[in-house]
Amino acid sequence: MFSLDKIAGGEYSLLATEAMIDQEHYKLQPWNGHVYGYSYKNNSLVDFGKKTATDKYSSSRFMTVTRGKGVSLFEQRENDKIQRVGSMVVMEGAREARVLGRYLYVVHQDGLRIFSGFRPEELVVTSNLQLPGGPRSFEFLDSGHLLVITRQAGVLVVDVNDPEQPVQIANMTSPKHLQSINIARDILIDGQRVYISQGEGGVHVVDVSSPSRPQIMQIIDTPGHAGQMVLYDDLLLVADRAKGLFMIDVKDRGRAIPIGTLPTPLRIDQLAVVNDGLIASSNPGGTMKLPLPQRIKSLQIVNDGEMRIAVEAVKKGQYAYLYDARVSEQTEISIQ
């Protein structure tokens, strides 16, 4: 039986099942306070709207799109128009690129290449670092380190405090009993806490307060294949591929609480949050816009089988997740 007394403090969220669907697939990318979608099929860029929060790339002058051997750079011009301002061949198997300050960081199939310069035509190679395992993507830690996802070697920690001399200092490996199913898919950094999605292995919560000695704090299983993640209102939203959207409450810094799965009309590979919705995209499939979760602040328990909640608007098909540290339950909402 669900323990209603333990969720009386308002630890629950509401989602709607309806979604708008576009048949085009986009690579979702936050930049300068907006979320953009790039279509490799049509070489087009779409502005999905303003983000709900800023990130470390908001001050970056250029947005990057990586494809094959090269990187395309986009710049915001007058009237907020986004224009391609340069393309460059950087390395066979270029996977992901980011601009931070005066440096362009590019992860390719054999390692990391760093360029310096203020304009595309001025970029020159600053350093090269060979990395094992087939690097695929990366994220920046505030401490001046990169977390690099690889195909076979887990997640590597690279010190880039001196971009001219990057050094690999650590390797995050999964517990032995999970190594056969774990394939790192995405990294989301939240201060000194990092979430790593591991496909069939779920989501790992890792303490990186000491980058040279990362420690796994918690492993959360998901029913599907955990992929890209976003944070919204202390909820970690996980693209769980064919299983839809998996939700985790991360408000408690000591222990994350799994909530449950929101089934979606299409498989989810990528996620991004904008002011008026959650953008989800997959290939094949298309792009969906889902309502954002909202925390319900007013709960009145009538008896063991009935409760009353107050929200501004309730639509057909909505339901609530009630959860505590032990159990999560989906509950339909009846309007009175």
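Quick notes on this structure:
- Look at (1) among the basic types (Lys, Arg); (2) surrounded by fewer than 16 Cβ atoms within 10 Å (Cβ to Cβ); (3) without any contact (Cβ under 8 Å) to a residue 24 or more places away in the chain; (4) more than 30 Å from residue 289 (Cα to Cα) and you find that residue 81 fails only one, number (4).
- Scan of the stretch 244-261 for residues that are over 21 Å from residue 190 (Cβ atoms) and in contact with a Gly (Cβ under 7 Å, 6 or more places away or on another chain), ordered by number: 261
- Filter pass, residue 92 being surrounded by fewer than 20 Cβ atoms within 10 Å (Cβ to Cβ), of a type in the set (Asp, Glu) and touching a Phe, Trp or Tyr at 6+ places or on another chain (Cβ under 9 Å): no
- Screening residue 156 against (1) modelled with pLDDT of 90 or more; (2) surrounded by fewer than 20 Cβ atoms within 10 Å (Cβ to Cβ) leaves a single unmet condition, (2).
- Here is the figure for the stretch 242-294: residues that are at pLDDT below 90 and over 21 Å from residue 195 (Cβ atoms) total 14.
- Failed item in (1) surrounded by fewer than 17 Cβ atoms within 10 Å (Cβ to Cβ); (2) more than 26 Å from residue 23 (Cβ to Cβ); (3) not acidic (Asp, Glu), with residue 202 passing the rest: (1)
- Of the residues in the stretch 77-93, not one is part of a strand (DSSP E or B), within 23 Å of residue 183 (Cβ to Cβ) and in contact with a strand residue (DSSP E or B) (Cβ under 7 Å, 6 or more places away or on another chain).
- Taking the stretch 173-283 and the strands (runs of 3 or more DSSP E) fully enclosed by it, the elements with 2 or more residues that are without any contact (Cβ under 8 Å) to a residue 60 or more places away in the chain and within 25 Å of residue 145 (Cβ to Cβ) are at 182-190, 193-199, 203-207, 215-220, 229-232, 235-239.
The values are calculated or read from the model by the stated rules, or taken from the named source; none is laboratory data. It should be emphasised that the depicted structure is a prediction, and the values quoted were computed from it without experimental measurement. All Cβ positions, even for glycine, are placed from backbone atoms using ideal geometry, and neighbour counts span all protein chains on display.
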